[in-house]
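All of the numbers you see were taken from the coordinates with simple rules; none came from a lab. Just so we're clear, the structure is a prediction, and the values are computed from it rather than from any experiment. Counting neighbours? That spans all protein chains shown, and the Cβs are built from the backbone with ideal geometry, glycine included.
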Amino acid sequence: MNSDYEEQDVRRLTPCLDRRRLLRGMLAAGAAGPSFLAFAQALAAAPADTAGQLTILIQGGPVGDALRAVANPMFAKAYPKVSIDLNTSTNSAAFPRMIAQRKNPVIGGGMFNDLFAARGMISKIWAPLDPQFVTNAVHVPKAVRIPDSQGVTVQQTPFGIMYNPDRVEAPTSWTDLWNPKYRGRVSMYDSYFDAYAMASVASGGKPSVEDGIRAWAPHRENIGVWSAGPTSEQDMVHRGEVWLAPHWGGWVEQARFQGKNVRFALPKEGATLWSNQIQSVEGFSPLVTELVQRYLNTWLSPECQEAWLTQAAISPAIGTLHIPAELRDNPAIVRPEDVGSKLIRLDATYIATNFAQIQQLIQRTLKV
């Protein structure tokens, strides 16, 4: 067994009571008022031997399947008395709940995309990652890491263009989305801004989200649908309701693995880099925090990174992982050493800080 996961002193890991179960029981019994609030806050910082279960936020589909098949058994060998509750949700749905629960947190950590990792830093809810617990972080190249982030990149994929191969030829430029023959046949997001930044680049400018929104204005009639989420967008392209959509390479490939009639293209101007980071949440006892971070460390193991690569088309974050020959020419797969030279990383802190204003600009410029 890998030395990083050797069994620890099980006596200190023996669960006494799950604090959330105890709180739920008290609420059911009618406990309330200042005394209950004080007790709840004290319990949130209780000794870590009460940690029988860790709640971890993840994305679903093959990403979650790989964790259950690879990471969870790896962690269980070292910590057989600690169970893992994988909470499947989007960042946009989970993050507001985490802010509301910050005095009595439930989610101990998980995977957060660049935008929500930055929002968490602004809200000061992340606990620093201890290199003694997240030992595999040393295998993540500097080019892959996000400057000044409290987390560590664990997944990445390029953000390019998804298309239906029966309806259109493979797009070669971001400006293809503006072709008049695609009027009403393009799907766009108003809460993910990479496509606008690349529209600015394709227009000869810098990767400015605001400039890209304005560049889209003369072509807004091409937008037939404002997408509510990646899965529904994949389904619409598959059925031919829309023909093209800016999208994540890994998610396009996952849809293709499921038999959907979608493909992924990297335009000649390049693409942005989307990544997930592992983050640990403040508000837990030292041992709970340690256990969360040791669990997240399994996500950076070669075994888990390989499972994500081969089963979910998620590009590896660790530089030591071999990419199979059959995946090297796949446009949805990027190597860690190519990240700095071939892909554009947007300023997530700027976007997080100006998120509402950017959405308002989209509303005024493209949705009127």
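Taking the Cα centre of the chain as origin and assigning +1 to Lys and Arg Cβ atoms and -1 to Asp and Glu Cβ atoms, the resulting dipole is close to 840 debye.
Taking each residue as 0.36 nm, the span from K268 to K77 lengthens on full extension beyond its C-alpha to C-alpha distance by 64.1 nm. A Gaussian network model of the chain, with springs between Cα atoms under 10 Å, assigns the largest mean-square fluctuation among L57, L300, L327 to L327. Note on the chain: GNM, Cα springs under 10 Å; of S275, S123, S173, the largest mean-square fluctuation is that of S123. Around the Cα centre of the stretch 275-361, unit charges on the Cβ atoms of Lys, Arg, Asp and Glu (plus for the first two, minus for the last two) sum to a dipole of about 140 debye.
Magnitude of the Cβ-charge dipole of the stretch 186-274, K/R +1 and D/E -1, about the Cα centre, nearest 20 debye?
For this selection, approximately 240 debye.
Classified by the C-alpha gyration tensor, the stretch 79-148 has an oblate form. Its axis ratio a/c, with a ≥ b ≥ c, is 1.5 or above, and a/b does not exceed b/c. Here the relative contact order of the stretch 183-243, from alpha carbon pairs under 8 Å that lie six or more residues apart, stands at 43 percent. Under a Gaussian network description of the chain, with springs only between Cα atoms under 10 Å, the residue in A143, A325, A271 that fluctuates furthest is A325.
Database remark: amide H of Y189 closer than 5 angstrom to the amide H of S227 (H placed geometrically; neighbours at sequence offset of 5 or more, or on other chains; Pro and chain starts carry no H). Amide H contacts under 5 Å for I344: A271, T272, L273, restricted to partners 5 or more places along the chain or on a different chain, H placed in the peptide plane at 1.01 Å from N.
Stretching the chain fully between V368 and S173 yields a gain of 67.6 nm (0.36 nm per residue, less the alpha carbon separation). Overall dimensions of the stretch 207-257, expressed as equivalent-ellipsoid semi-axes from the Cα gyration tensor (√(5λ), whole Å, largest first), are 23, 14, 8.
Its relative contact order, with pairs defined as Cα atoms under 8 Å and 6+ residues apart, puts the chain at 24 percent. For mean projected area of the Cα convex hull in nm², the choices are (i) 18.2; (ii) 22.9; (iii) 19.6; which was calculated from the structure? Read-out taken from this structure: (iii). Remark: the Cα gyration tensor places the stretch 148-252 in the oblate category, a/c being 1.5 or greater and a/b not exceeding b/c.
When the chain is described by a simple charge dipole with +1 on each Lys and Arg Cβ and -1 on each Asp and Glu Cβ, the residue from Q311, W226, M74 located farthest towards its positive end is W226. Label separation (R214 vs K181): 3.1 nm, computed from points 7 Å beyond Cα along the C-beta direction.
On full extension, the segment bounded by Q132 and A356 gains 76.9 nm, given 0.36 nm per residue less the C-alpha separation.
If you take the square roots of the eigenvalues of the alpha-carbon gyration tensor of the stretch 268-357 and sort them as a ≥ b ≥ c, do you get rounded (a/c under 1.5), prolate (a/b over b/c) or oblate? Oblate.
Distance between the 7 Å Cα→Cβ label points at T320 and A93: 3.6 nm. What is the sum of charges, Lys and Arg at +1 and Asp and Glu at -1, for the other residues whose Cβ falls under 13 Å from the Cβ of S275? Once all neighbours under 13 Å are counted, the net charge is 0.
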